[in-house]
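Asks: Handing you a structure now.
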Amino acid sequence: MTHMEISITVPTATLLKRQSTRAAVIAAAAVLVSAPYASAATQQASSKPVVADVRTLAALDFTAGDSPENIAVNPDNSLTVSTLGGHTAAGERPALLRIDPSGRTTVIVAGQQGDAFSGIAVGRDGTTYYNVASDDVSRAGVWKLPPVGAPRRVAALPTDGLPNGLALDPAGRTLYATDSTKGTVWAVPASGGKATPWLTDPALAPDPSIPFGSNGVRFHRGAVWVSNTAKGTLLRIPVTATGAPGRIHTVAGGLTGVDDFNFLSDRSDVVFAALNGVNQVAVVHPDGTTETVLTASDGLASPTSIAVRGNRLYITDAGFAEPHDAKVQRGTVNPAVLNCGPAS
(Lines give C-alpha, C1' and ligand atoms only; values in the text may rest on other atoms or scores of the structure.)
Protein backbone atom coordinates (compact mmCIF):
# COMPACT_ATOMS: atom_id res chain seq x y z
CA MET A 1 0.00 0.00 0.00
CA THR A 2 1.30 3.47 -0.92
CA HIS A 3 0.45 6.32 1.39
CA MET A 4 0.55 10.05 0.80
CA GLU A 5 1.56 10.77 4.39
CA ILE A 6 1.90 14.44 5.27
CA SER A 7 1.29 15.02 8.97
CA ILE A 8 -0.96 17.96 9.71
CA THR A 9 -3.59 18.87 12.24
CA VAL A 10 -6.81 19.98 10.57
CA PRO A 11 -9.03 22.26 12.69
CA THR A 12 -12.49 20.78 13.15
CA ALA A 13 -14.17 23.88 11.74
CA THR A 14 -12.07 23.65 8.58
CA LEU A 15 -12.71 19.94 8.24
CA LEU A 16 -16.46 20.34 8.53
CA LYS A 17 -16.39 23.24 6.12
CA ARG A 18 -14.62 21.14 3.50
CA GLN A 19 -16.99 18.21 3.99
CA SER A 20 -20.16 20.27 4.06
CA THR A 21 -19.16 22.21 0.93
CA ARG A 22 -19.13 19.09 -1.24
CA ALA A 23 -22.32 17.80 0.36
CA ALA A 24 -24.06 21.12 -0.29
CA VAL A 25 -22.96 21.06 -3.91
CA ILE A 26 -24.39 17.58 -4.44
CA ALA A 27 -27.62 18.62 -2.75
CA ALA A 28 -27.77 21.57 -5.10
CA ALA A 29 -27.25 19.25 -8.06
CA ALA A 30 -30.29 17.26 -6.99
CA VAL A 31 -32.36 20.45 -7.10
CA LEU A 32 -31.50 20.74 -10.79
CA VAL A 33 -34.31 18.29 -11.47
CA SER A 34 -36.70 21.23 -11.46
CA ALA A 35 -34.33 23.89 -12.78
CA PRO A 36 -35.14 25.57 -16.13
CA TYR A 37 -32.89 24.44 -18.95
CA ALA A 38 -32.79 25.01 -22.67
CA SER A 39 -34.06 21.65 -23.86
CA ALA A 40 -32.14 19.51 -26.27
CA ALA A 41 -34.01 17.31 -28.70
CA THR A 42 -34.44 13.95 -27.01
CA GLN A 43 -34.68 10.64 -28.80
CA GLN A 44 -37.08 7.90 -27.86
CA ALA A 45 -35.56 5.02 -25.95
CA SER A 46 -34.34 2.16 -28.14
CA SER A 47 -36.35 -1.06 -28.29
CA LYS A 48 -33.21 -2.91 -27.19
CA PRO A 49 -31.14 -1.62 -24.27
CA VAL A 50 -28.06 0.44 -25.13
CA VAL A 51 -26.47 -0.80 -21.90
CA ALA A 52 -27.38 -4.25 -20.56
CA ASP A 53 -26.36 -6.60 -17.77
CA VAL A 54 -25.69 -3.79 -15.28
CA ARG A 55 -24.40 -5.15 -12.00
CA THR A 56 -22.30 -4.12 -9.01
CA LEU A 57 -18.62 -4.78 -9.55
CA ALA A 58 -17.48 -3.47 -6.16
CA ALA A 59 -19.56 -2.34 -3.16
CA LEU A 60 -17.99 0.52 -1.18
CA ASP A 61 -18.52 1.84 2.35
CA PHE A 62 -20.04 5.33 2.31
CA THR A 63 -19.70 5.67 6.09
CA ALA A 64 -15.94 5.11 5.78
CA GLY A 65 -15.61 7.96 3.27
CA ASP A 66 -15.60 5.71 0.22
CA SER A 67 -17.88 7.83 -1.97
CA PRO A 68 -16.41 7.29 -5.44
CA GLU A 69 -15.90 10.46 -7.47
CA ASN A 70 -13.96 9.54 -10.59
CA ILE A 71 -12.79 6.47 -12.49
CA ALA A 72 -10.20 5.46 -15.05
CA VAL A 73 -9.42 2.17 -16.80
CA ASN A 74 -5.78 1.11 -16.55
CA PRO A 75 -3.75 -0.57 -19.29
CA ASP A 76 -4.20 -3.94 -17.51
CA ASN A 77 -8.02 -3.44 -17.44
CA SER A 78 -8.10 -2.83 -13.71
CA LEU A 79 -9.80 0.37 -12.51
CA THR A 80 -8.51 3.31 -10.51
CA VAL A 81 -11.22 5.07 -8.51
CA SER A 82 -10.95 8.24 -6.43
CA THR A 83 -13.00 8.77 -3.28
CA LEU A 84 -14.11 11.96 -1.56
CA GLY A 85 -13.24 11.09 2.02
CA GLY A 86 -15.17 11.79 5.20
CA HIS A 87 -18.82 12.79 5.52
CA THR A 88 -18.76 13.04 9.31
CA ALA A 89 -16.80 14.90 11.96
CA ALA A 90 -14.58 11.82 12.23
CA GLY A 91 -13.07 12.88 8.91
CA GLU A 92 -12.37 9.68 7.04
CA ARG A 93 -9.56 10.10 4.53
CA PRO A 94 -9.94 10.14 0.74
CA ALA A 95 -8.22 7.44 -1.26
CA LEU A 96 -7.27 6.09 -4.64
CA LEU A 97 -8.58 2.56 -5.02
CA ARG A 98 -7.42 -0.13 -7.43
CA ILE A 99 -10.25 -2.48 -8.43
CA ASP A 100 -9.38 -5.61 -10.39
CA PRO A 101 -11.77 -7.25 -12.89
CA SER A 102 -13.08 -9.57 -10.16
CA GLY A 103 -14.04 -6.60 -7.95
CA ARG A 104 -11.21 -7.00 -5.44
CA THR A 105 -10.40 -3.54 -4.05
CA THR A 106 -7.06 -2.26 -2.77
CA VAL A 107 -6.11 1.18 -1.41
CA ILE A 108 -3.09 2.45 -3.37
CA VAL A 109 -2.99 6.02 -2.01
CA ALA A 110 -4.46 7.28 1.26
CA GLY A 111 -4.98 11.03 1.59
CA GLN A 112 -5.39 13.36 4.54
CA GLN A 113 -8.42 14.19 6.64
CA GLY A 114 -10.34 17.15 5.26
CA ASP A 115 -9.05 16.67 1.71
CA ALA A 116 -10.92 15.17 -1.25
CA PHE A 117 -9.64 13.30 -4.29
CA SER A 118 -11.47 14.09 -7.53
CA GLY A 119 -10.48 13.78 -11.20
CA ILE A 120 -8.21 10.99 -12.51
CA ALA A 121 -6.23 10.57 -15.72
CA VAL A 122 -3.98 7.63 -16.63
CA GLY A 123 -0.98 7.87 -18.93
CA ARG A 124 0.07 5.22 -21.42
CA ASP A 125 2.86 4.11 -19.09
CA GLY A 126 0.37 3.50 -16.29
CA THR A 127 1.11 6.71 -14.36
CA THR A 128 -1.99 7.91 -12.51
CA TYR A 129 -2.65 11.64 -12.20
CA TYR A 130 -5.26 12.89 -9.75
CA ASN A 131 -6.63 16.11 -8.26
CA VAL A 132 -6.47 16.88 -4.56
CA ALA A 133 -8.88 19.48 -3.19
CA SER A 134 -7.44 20.81 0.06
CA ASP A 135 -7.32 23.87 2.31
CA ASP A 136 -3.61 23.20 2.76
CA VAL A 137 -1.33 24.99 0.29
CA SER A 138 1.18 22.14 0.42
CA ARG A 139 -1.36 19.60 -0.86
CA ALA A 140 -3.92 21.35 -3.09
CA GLY A 141 -3.24 20.59 -6.74
CA VAL A 142 -2.53 17.86 -9.28
CA TRP A 143 -0.59 14.79 -8.13
CA LYS A 144 0.96 11.83 -9.93
CA LEU A 145 1.47 8.22 -8.88
CA PRO A 146 4.02 6.41 -11.10
CA PRO A 147 3.71 2.66 -11.69
CA VAL A 148 6.58 2.21 -9.24
CA GLY A 149 7.23 4.75 -6.50
CA ALA A 150 5.47 7.24 -4.27
CA PRO A 151 3.01 9.97 -5.21
CA ARG A 152 4.24 13.54 -5.65
CA ARG A 153 2.60 16.82 -6.53
CA VAL A 154 2.92 17.91 -10.17
CA ALA A 155 1.49 21.42 -9.73
CA ALA A 156 -0.20 23.49 -7.06
CA LEU A 157 -3.76 24.79 -7.48
CA PRO A 158 -5.56 27.51 -5.48
CA THR A 159 -7.00 26.40 -2.15
CA ASP A 160 -10.07 28.61 -2.70
CA GLY A 161 -11.02 26.70 -5.85
CA LEU A 162 -12.47 23.22 -6.35
CA PRO A 163 -10.42 21.09 -8.76
CA ASN A 164 -12.68 18.51 -10.30
CA GLY A 165 -12.20 16.80 -13.68
CA LEU A 166 -8.78 15.91 -15.08
CA ALA A 167 -7.70 14.95 -18.62
CA LEU A 168 -4.38 14.19 -20.30
CA ASP A 169 -3.64 15.07 -23.92
CA PRO A 170 -2.68 12.22 -26.28
CA ALA A 171 0.99 13.26 -26.26
CA GLY A 172 1.07 12.88 -22.49
CA ARG A 173 2.46 16.38 -22.02
CA THR A 174 -0.41 18.53 -20.77
CA LEU A 175 -3.06 17.90 -18.15
CA TYR A 176 -6.32 19.86 -18.17
CA ALA A 177 -8.02 20.35 -14.80
CA THR A 178 -11.44 21.94 -14.35
CA ASP A 179 -12.15 24.26 -11.44
CA SER A 180 -15.84 24.05 -10.59
CA THR A 181 -16.04 27.28 -8.59
CA LYS A 182 -13.74 29.49 -10.67
CA GLY A 183 -15.17 28.55 -14.09
CA THR A 184 -11.65 27.79 -15.28
CA VAL A 185 -9.74 25.05 -17.06
CA TRP A 186 -6.14 24.88 -15.86
CA ALA A 187 -3.27 23.65 -18.05
CA VAL A 188 -0.64 21.69 -16.12
CA PRO A 189 2.64 20.27 -17.45
CA ALA A 190 2.48 16.51 -16.88
CA SER A 191 6.20 16.50 -16.10
CA GLY A 192 5.66 19.09 -13.37
CA GLY A 193 5.60 22.87 -13.22
CA LYS A 194 3.23 25.80 -12.83
CA ALA A 195 -0.50 25.53 -13.51
CA THR A 196 -1.75 28.28 -15.81
CA PRO A 197 -5.35 29.28 -16.62
CA TRP A 198 -5.96 27.79 -20.08
CA LEU A 199 -9.52 29.12 -20.34
CA THR A 200 -11.82 31.12 -18.09
CA ASP A 201 -15.22 31.83 -19.58
CA PRO A 202 -18.86 32.41 -18.54
CA ALA A 203 -19.72 29.13 -20.30
CA LEU A 204 -17.63 27.35 -17.67
CA ALA A 205 -18.88 29.35 -14.70
CA PRO A 206 -21.24 28.23 -11.94
CA ASP A 207 -24.67 29.73 -11.42
CA PRO A 208 -25.59 31.91 -8.42
CA SER A 209 -28.03 29.24 -7.27
CA ILE A 210 -25.76 26.29 -8.16
CA PRO A 211 -22.12 27.05 -7.21
CA PHE A 212 -20.75 24.22 -9.34
CA GLY A 213 -19.79 24.95 -12.94
CA SER A 214 -17.15 23.19 -15.05
CA ASN A 215 -17.00 19.58 -13.96
CA GLY A 216 -15.94 16.65 -16.17
CA VAL A 217 -13.24 17.10 -18.80
CA ARG A 218 -11.89 14.92 -21.64
CA PHE A 219 -9.33 15.50 -24.39
CA HIS A 220 -10.92 13.99 -27.49
CA ARG A 221 -10.19 14.33 -31.20
CA GLY A 222 -8.26 17.57 -30.97
CA ALA A 223 -10.52 19.30 -28.48
CA VAL A 224 -11.08 19.70 -24.77
CA TRP A 225 -14.64 18.71 -23.85
CA VAL A 226 -16.14 20.02 -20.59
CA SER A 227 -19.44 19.50 -18.79
CA ASN A 228 -21.02 22.34 -16.79
CA THR A 229 -23.25 21.09 -13.97
CA ALA A 230 -24.92 24.43 -13.23
CA LYS A 231 -25.86 25.05 -16.86
CA GLY A 232 -26.53 21.43 -17.83
CA THR A 233 -24.29 21.71 -20.89
CA LEU A 234 -21.64 19.72 -22.73
CA LEU A 235 -19.02 21.92 -24.39
CA ARG A 236 -16.38 21.29 -27.04
CA ILE A 237 -13.32 23.58 -27.13
CA PRO A 238 -10.91 23.02 -30.04
CA VAL A 239 -7.20 23.17 -29.24
CA THR A 240 -5.43 25.37 -31.79
CA ALA A 241 -2.02 24.69 -33.35
CA THR A 242 -0.45 26.90 -30.66
CA GLY A 243 -2.22 25.01 -27.87
CA ALA A 244 -4.62 27.86 -27.14
CA PRO A 245 -8.39 27.35 -26.79
CA GLY A 246 -10.55 27.92 -29.83
CA ARG A 247 -14.19 29.01 -29.91
CA ILE A 248 -16.46 27.20 -27.45
CA HIS A 249 -19.16 25.08 -29.07
CA THR A 250 -22.16 23.88 -27.08
CA VAL A 251 -22.70 20.26 -28.10
CA ALA A 252 -25.78 19.68 -25.95
CA GLY A 253 -27.92 21.34 -23.29
CA GLY A 254 -30.62 20.12 -20.96
CA LEU A 255 -28.31 17.64 -19.23
CA THR A 256 -29.80 18.04 -15.79
CA GLY A 257 -27.24 17.52 -13.02
CA VAL A 258 -24.50 16.45 -15.44
CA ASP A 259 -21.32 15.33 -13.73
CA ASP A 260 -18.53 13.49 -15.55
CA PHE A 261 -18.78 11.85 -18.99
CA ASN A 262 -16.85 9.72 -21.45
CA PHE A 263 -16.87 8.62 -25.09
CA LEU A 264 -17.94 5.37 -26.69
CA SER A 265 -14.44 5.10 -28.17
CA ASP A 266 -11.47 7.23 -29.23
CA ARG A 267 -12.97 7.43 -32.74
CA SER A 268 -16.56 8.21 -31.75
CA ASP A 269 -18.23 11.43 -30.62
CA VAL A 270 -21.02 9.49 -28.90
CA VAL A 271 -20.94 10.46 -25.22
CA PHE A 272 -22.12 8.66 -22.10
CA ALA A 273 -22.90 11.25 -19.40
CA ALA A 274 -23.52 10.70 -15.68
CA LEU A 275 -26.50 12.83 -14.60
CA ASN A 276 -25.92 12.93 -10.86
CA GLY A 277 -28.88 15.17 -10.09
CA VAL A 278 -31.49 12.82 -11.58
CA ASN A 279 -29.87 9.37 -11.15
CA GLN A 280 -29.48 8.75 -14.86
CA VAL A 281 -26.92 7.94 -17.51
CA ALA A 282 -27.65 9.62 -20.83
CA VAL A 283 -26.23 9.17 -24.31
CA VAL A 284 -25.42 12.38 -26.15
CA HIS A 285 -25.33 11.86 -29.91
CA PRO A 286 -23.06 13.91 -32.22
CA ASP A 287 -26.01 16.03 -33.36
CA GLY A 288 -26.76 17.05 -29.74
CA THR A 289 -29.79 14.82 -29.25
CA THR A 290 -29.89 12.82 -26.04
CA GLU A 291 -31.50 9.67 -24.73
CA THR A 292 -31.69 8.18 -21.27
CA VAL A 293 -30.12 4.71 -21.18
CA LEU A 294 -29.92 3.96 -17.43
CA THR A 295 -31.94 5.10 -14.41
CA ALA A 296 -32.30 4.41 -10.69
CA SER A 297 -34.10 1.18 -11.65
CA ASP A 298 -30.71 -0.03 -12.93
CA GLY A 299 -29.23 0.59 -9.49
CA LEU A 300 -27.85 4.09 -10.09
CA ALA A 301 -27.16 5.94 -6.84
CA SER A 302 -25.75 9.45 -7.46
CA PRO A 303 -23.68 8.54 -10.54
CA THR A 304 -20.56 10.71 -10.73
CA SER A 305 -18.41 9.39 -13.56
CA ILE A 306 -18.20 7.04 -16.53
CA ALA A 307 -15.44 4.95 -18.08
CA VAL A 308 -15.62 2.89 -21.26
CA ARG A 309 -13.25 0.15 -22.46
CA GLY A 310 -14.38 -1.82 -25.49
CA ASN A 311 -17.98 -2.83 -24.83
CA ARG A 312 -17.62 -2.41 -21.05
CA LEU A 313 -19.20 0.59 -19.33
CA TYR A 314 -18.18 1.44 -15.77
CA ILE A 315 -20.08 3.80 -13.46
CA THR A 316 -19.14 5.23 -10.07
CA ASP A 317 -22.10 5.75 -7.72
CA ALA A 318 -21.34 8.11 -4.81
CA GLY A 319 -24.45 7.07 -2.85
CA PHE A 320 -25.21 10.52 -1.44
CA ALA A 321 -28.90 9.80 -0.89
CA GLU A 322 -30.22 7.21 1.54
CA PRO A 323 -29.46 4.32 1.78
CA HIS A 324 -25.97 5.54 0.71
CA ASP A 325 -25.41 2.77 -1.82
CA ALA A 326 -21.84 3.70 -2.82
CA LYS A 327 -20.41 1.32 -5.44
CA VAL A 328 -18.86 0.78 -8.83
CA GLN A 329 -21.11 -0.73 -11.49
CA ARG A 330 -20.29 -2.53 -14.72
CA GLY A 331 -22.49 -2.97 -17.78
CA THR A 332 -22.25 -4.09 -21.40
CA VAL A 333 -22.69 -1.61 -24.27
CA ASN A 334 -24.46 -2.61 -27.46
CA PRO A 335 -23.00 -0.19 -30.08
CA ALA A 336 -25.30 -1.57 -32.83
CA VAL A 337 -28.32 -0.08 -31.02
CA LEU A 338 -26.68 3.35 -31.20
CA ASN A 339 -26.34 3.13 -35.00
CA CYS A 340 -22.69 4.06 -34.60
CA GLY A 341 -21.18 4.28 -38.03
CA PRO A 342 -17.91 6.03 -38.89
CA ALA A 343 -19.53 9.49 -38.59
CA SER A 344 -20.62 8.82 -35.03
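The values are calculated or read from the model by the stated rules, or taken from the named source; none is laboratory data. Computed from a prediction, not measured in an experiment: that's the story for all the values here. Ideal geometry is used to build each Cβ from the backbone, glycine not excepted, and the neighbour counts take in all protein chains shown. These area figures cover heavy atoms from the full protein model, side chains too; ligands, DNA and RNA do not enter into them. Shrake-Rupley method; radii C 1.70, N 1.55, O 1.52, S 1.80 Å.
Asks: Each residue of segment 276-281 in order: what ³J(HN,Hα) in whole Hz does its phi give by Karplus 6.51 cos²θ - 1.76 cosθ + 1.60, θ = phi - 60°, with x for Gly and Pro?
Replies: 4, x, 10, 6, 9, 10
Asks: Under the rule of at least 5 residues apart or a separate chain, name every residue whose amide H is placed under 5 Å from the amide H of Gly65.
Replies: Hits under the 5 Å cutoff: His87.
Asks: What is the set of long-range amide H partners of Thr127 at a cut-off below 5 Å, with H atoms built 1.01 Å from backbone N?
Replies: none
Asks: How many percent of the accessible area of segment 218-276 is carbon or sulfur, using a 1.4 Å probe? Each step should come with its number before you reach the end.
Replies: Values: 960 of 2010 Å².
C and S atoms contribute 48 percent here.
Asks: Same structure again: Can you tell me how segment 96-178 classifies by the Cα gyration tensor, rounded, prolate or oblate, using a/c under 1.5 as the rounded cut?
Replies: oblate
Asks: May I pose another question? Using modelled amide H (1.01 Å from N, peptide plane; none on Pro or chain starts), what sits under 5 Å from the amide H of His220, excluding residues fewer than 5 places away?
Replies: Amide H to amide H, under 5 Å and 5 or more residues apart or across chains, His220 pairs with Trp225.
Asks: Right, here's the next one. Compute the Cα gyration tensor for segment 199-344, then decide on rounded, prolate or oblate, letting a ≥ b ≥ c be the square roots of its eigenvalues: rounded whenever a/c is under 1.5, prolate when a/b is larger than b/c in the other cases, and oblate in all that remain. Before the final figure, lay out each step's value.
Replies: Numbers: a/c = 1.98, a/b = 1.18, b/c = 1.68.
Here segment 199-344 falls in the oblate category.
Asks: Tell me, what ³J(HN,Hα) does each residue in segment 305-319 have, in order and in whole Hz, if you take phi through Karplus 6.51 cos²θ - 1.76 cosθ + 1.60 with θ = phi - 60° and put x for Gly and Pro?
Replies: 7, 9, 9, 10, 9, x, 9, 9, 10, 10, 10, 9, 10, 6, x
Asks: Pick out, in residue order, every one of the trypsin sites (Lys or Arg not before Pro) in segment 118-156 that is DSSP loop and has at most 15 other C-beta atoms within 10 Å; say none if there are none. Show your work: numbers first, answer last.
Replies: Working: sites: Arg124, Arg139, Lys144, Arg152, Arg153; in loops: Arg124, Arg139.
Answer in residue order: Arg124.
Asks: Return the FRET efficiency for the residue pair Arg55, Arg309: r is the Cβ-Cβ distance, R0 is 22 Å, and the value is rounded to the nearest 0.05.
Replies: Details: r = 16 Å, r/R0 = 0.74.
Rounded to the nearest 0.05, the efficiency is 0.85.
Asks: Continuing with the same structure: Between His249 and Arg104, what is the spin-label point distance in nm, taking each point 7 Å from the Cα along the Cα→C-beta axis?
Replies: It works out to 4.5 nm between the two label points.
Asks: So what is the relative contact order of segment 142-258, in percent, for Cα pairs below 8 Å that sit 6 or more residues apart? Before the final figure, lay out the partial values.
Replies: Working: 287 pairs, mean separation 19.2, N = 117.
Normalised by residue count, the contact order of segment 142-258 is 16 percent.
Asks: Can you pull the percent of segment 43-161's accessible area that's carbon plus sulfur, 1.4 Å probe, other chains left in place? Could you put the intermediate results ahead of the total?
Replies: Working: 2310 of 4640 Å².
Taking all protein chains in place, segment 43-161 shows 50 percent carbon and sulfur surface.
Asks: What ³J(HN,Hα) values, in whole Hz, does the Karplus curve 6.51 cos²θ - 1.76 cosθ + 1.60 give for segment 240-256 when θ = phi - 60°, with x put for Gly and Pro?
Replies: Listing the rounded values in order: 6, 4, 8, x, 7, x, x, 5, 6, 10, 7, 6, 8, x, x, 8, 4 Hz.
Asks: State in Å² the accessible area per residue of segment 82-234; use a 1.4 Å probe, count heavy atoms of protein chains only, and round to the nearest integer.
Replies: For segment 82-234, the solvent-accessible area averages 34 Å² per residue.
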